[in-house]
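Participant: Structure provided below as structure tokens; questions to follow.
The values are calculated or read from the model by the stated rules, or taken from the named source; none is laboratory data. Just so it is clear, the structure is predicted and the values come from calculations on it, not from any experiment. Accessible surface areas use protein heavy atoms only, side chains included; no ligands, DNA or RNA. Shrake-Rupley method; radii C 1.70, N 1.55, O 1.52, S 1.80 Å.
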Amino acid sequence: MSKAFTKESDNADDDDEVGLPPLPAGTKNYITPQGYQRLRQELLDLIDVERPKVVEIVHWAASNGDRSENGDYIYGKKRLREIDRRIRFLTKRLDIAEVADPTLHHGNDQIFFGATVTYVNLSGVERTVTIKGIDEVDNLQGEVSWISPIARALLKAREGDEVQLMTPGGLEKLEVLEVRYPAPLKD
């Protein structure tokens, strides 16, 4: 059968990005103002810059005739599907986003969304994490999602509290050493 008559999958599964965990049922998609702006800027860039460039390339490649062996056309159509999938994903995520400003808790010693927490385990290993939204975390920067096990264990604790974290190796006790929030921007 010719490829021209096959239909690509229209599954909702195609809208989900690989590697991003789904939101727990009935919860909000918490995100910092900076994370929201970054996702919104990516969406606008895809719509206003990236997609028009690829559409132009596909249009040019299609005008060259035979599309079956036209690499520019085939790759362009594939890239267009990727862009459209990312646009749908970002639109859905931004629609359900709940912007939570961590600067509102500046000076507080209790752990909420947006806190940067330093803790130590019983072995004396100290670690610092910042609790952020699932669409904005960067593990290499010490950021963890608010739905991650470590964040769930730490949430609502205060400086000096001891919390318990269930790990694959068993129950681990952690002591909260410091809780910080970004300072509010001054106008």
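Participant: Looking at 65, 26 in this structure, which one is farther than 30 Å from residue 155 by Cα and either open to solvent by 30 Å² or more (accessible area, probe 1.4 Å) or at pLDDT 95 or above (or both)?
Facilitator: Matching residue, one of 65, 26: 65.
Participant: From the list 122, 44, which one is among the aliphatic types (A, V, I, L, M) and farther than 30 Å from residue 171 by Cα?
Facilitator: Being among the aliphatic types (A, V, I, L, M) and farther than 30 Å from residue 171 by Cα holds for just one of 122, 44, which is 44.
Participant: Right, another one. Pick from segment 121-142 the residues that are under 15 Å from the mean Cα position of the chain (by Cα) and open to solvent by less than 30 Å² (accessible area, probe 1.4 Å): which of them is farthest from residue 101 (Cα to Cα)?
Facilitator: This residue is 142.
Participant: Report whether or not residue 156 is at positive phi, open to solvent by 70 Å² or more (accessible area, probe 1.4 Å) and in a loop (DSSP other than H, G, I, E, B).
Facilitator: Yes: the conditions hold for residue 156.
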